[in-house]
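Okay, so here's the structure we're looking at.
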Amino acid sequence: MQPTDRPSKIQDVARAAGVSAMTVSRAINHPERLNPETLQRVRDAIASMRYVPNALASGLRLSRARLVAALLPTLVGPVFQELIQSLDHALNQHGYQLMIGRTGYDAAQEADLIRAIIQRRPDGIVMIGMAASEEGRALLQASRIPVVETWDLSDTAIDMLVGFSHSAIGQAVAAHFIAKGHRQLGMVSGDDARARVRVAAYAQAAQAAGLPEVKVAYTPAPSTLGGGRRGLVEILAQRPEVTAVFCSSDTLALGALAEAQHQGLRVPEDLAVVGLGDQEFAKDTAPPLTTVRLDGTRIGQLAADMIVARTLDQPVDAQRVDIGFSITQRSSG
């Protein structure tokens with residue numbers, strides 16, 4: 001395109017196809033309303049002129065942007081990938097695009113991002129986790145935009161909710177270790193709010209069973225393999241009698257496995273390790289990783305269904321869904 005050229009407009013496409021601008025608009029937004037011959041003529045004109053519809057203008061006319069925003073605490077952690085892929089796929093099937101923003105595990109940053117997202121008037125907002133700040137919650141409630149909070153459970157959801165209980169996960173992993181005869185438990189955990197809920201429940205379950213105090217090593221979120229190694233070093237330096245370690249992500253667990261091997265410990269004979277997330281690599285670690293399975297695919301699908309139903313003024317089957325979790329038993333613990 002030369003500098004003096006201008007982008008094609010809908011009127012240019014209409015003239016090339018021999019139809020009205022309204023017919024071109026109908027071909028883009030409601031192709032089922034046109035006869036096949038006219039629709040093909042318009043599409044050929046669009047292709048030859050490389051016309052790109054103005055989605056913002058169409059959205060304003062239709063009071064719908066066909067855009068959904070997802071707010072994640074991190075873009076580098078693999079634990080949310082399954083959810084995001086499922087959400088994106090389900091939304092695309094209904095003609096919606098997904099926009100992603102990062103909150104950084106920071107309440108103030110989350111509130112600023114929520115404000116910026118609301119100004120763009122998306123059709124829906126999906127939160128990975130519960131909204132962390134009162135300001136952010138107030139902004140979302142006042143916006144009247146459909147909101148789905150995920151990856152957690154709460155009785156104070158802003159609108160709709162799909163998730164699981166982090167407290168129940170902590171209790172279940174403690175029970176898993178206790179059933180295998182372990183008496184000295186440790187935990188390598190991220191320092192975010194959801195991870196701390198798991199830590200508290202894990203420690204309380206151990207205490208209720210009459211076990212010694214759980215040794216916890218915290219590492220900054222998002223979790224890293226190095227954080228898992230350093231966490232295990234800290235635990236064993238202070239409590240060498242620990243025989244079972246719960247890691248708050250599979251990435252941390254992979255680091256713990258590497259450190260255990262470095263120290264000459266046999267897994268699970270000397271040290272049992274359980275992760276969280278059931279990432280793709282978990283089945284291929286040495287030994288294969290026992291981990292908490294979280295169904296991110298179902299969360300993403302349900303969140304998309306809820307948003308689409310709301311935009312179409314259709315009823316939502318259930319506004320609060322607990323998808324639960326399971327422990328995938330492999331060889332590490």
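Has the range 116-133 got at least one residue that is at negative phi, open to solvent by 50 Å² or more (accessible area, probe 1.4 Å), touching a helix residue (DSSP H, G or I) at 6+ places or on another chain (Cβ under 8 Å) and free of Cβ contacts under 8 Å to residues at least 40 places away in the same chain? No, the conditions are met nowhere in the range 116-133.
Within the range 169-186, does at least one residue satisfy the condition of being modelled with pLDDT of 95 or more, surrounded by 19 or more Cβ atoms within 10 Å (Cβ to Cβ), closer than 20 Å to A70 by Cβ and of a type in the set (F, W, Y)? No, because not a single residue in the range 169-186 is modelled with pLDDT of 95 or more, surrounded by 19 or more Cβ atoms within 10 Å (Cβ to Cβ), closer than 20 Å to A70 by Cβ and of a type in the set (F, W, Y). Restricting the range 82-98 to residues that are outside any helix (DSSP H, G or I) and open to solvent by 50 Å² or more (accessible area, probe 1.4 Å), the residue that is farthest from Q279 (Cα to Cα) is H94.
Within the range 39-66, if we keep just the residues that are open to solvent by 40 Å² or more (accessible area, probe 1.4 Å) and at pLDDT 90 or above, the residue that is farthest from G129 (Cα to Cα) turns out to be R41. The residue of the range 240-270 that is nearest to E280 (Cα to Cα), among those that are polar (S, T, N, Q) and not in a helix (DSSP H, G or I), is S249. Just one of the listed residues (L289, L312, L294) is aliphatic (A, V, I, L, M), buried (at least 18 other Cβ atoms within 10 Å of the Cβ) and more than 20 Å from the chain's Cα centre (by Cα), and it is L289. For the range 315-333: of the residues being farther than 28 Å from A175 by Cβ and touching a residue at least 24 places away in the same chain (Cβ under 8 Å), which is surrounded by the most Cβ atoms within 10 Å (Cβ to Cβ)? Only one residue tops the list, namely V316. Just a yes or no: is a residue in the range 140-161 touching a Phe, Trp or Tyr at 6+ places or on another chain (Cβ under 7 Å), touching a residue at least 60 places away in the same chain (Cβ under 8 Å) and outside any helix (DSSP H, G or I)? Looking for residues that are touching a Phe, Trp or Tyr at 6+ places or on another chain (Cβ under 7 Å), touching a residue at least 60 places away in the same chain (Cβ under 8 Å) and outside any helix (DSSP H, G or I), one finds at least one in the range 140-161, hence yes.
Examine the range 244-252 for a residue that is of a type in the set (F, W, Y), at pLDDT 95 or above and open to solvent by 60 Å² or more (accessible area, probe 1.4 Å), and state whether such a residue exists. There is no residue in the range 244-252 that is of a type in the set (F, W, Y), at pLDDT 95 or above and open to solvent by 60 Å² or more (accessible area, probe 1.4 Å).
If only residues of the range 146-167 that are out of contact with any strand residue (DSSP E or B) (no Cβ under 8 Å at 6 or more places or on another chain) and of a type in the set (S, T, Y) are counted, the one that is surrounded by the most Cβ atoms within 10 Å (Cβ to Cβ) is S167.
The values are calculated or read from the model by the stated rules, or taken from the named source; none is laboratory data. This structure is a prediction, so every number in the text was calculated from the model and none was measured. Backbone-built Cβ (ideal geometry, glycine too); neighbour counts: all protein chains shown. Surface accessibility is based on the protein's heavy atoms, side chains included, excluding ligands, DNA and RNA. Shrake-Rupley method; radii C 1.70, N 1.55, O 1.52, S 1.80 Å.
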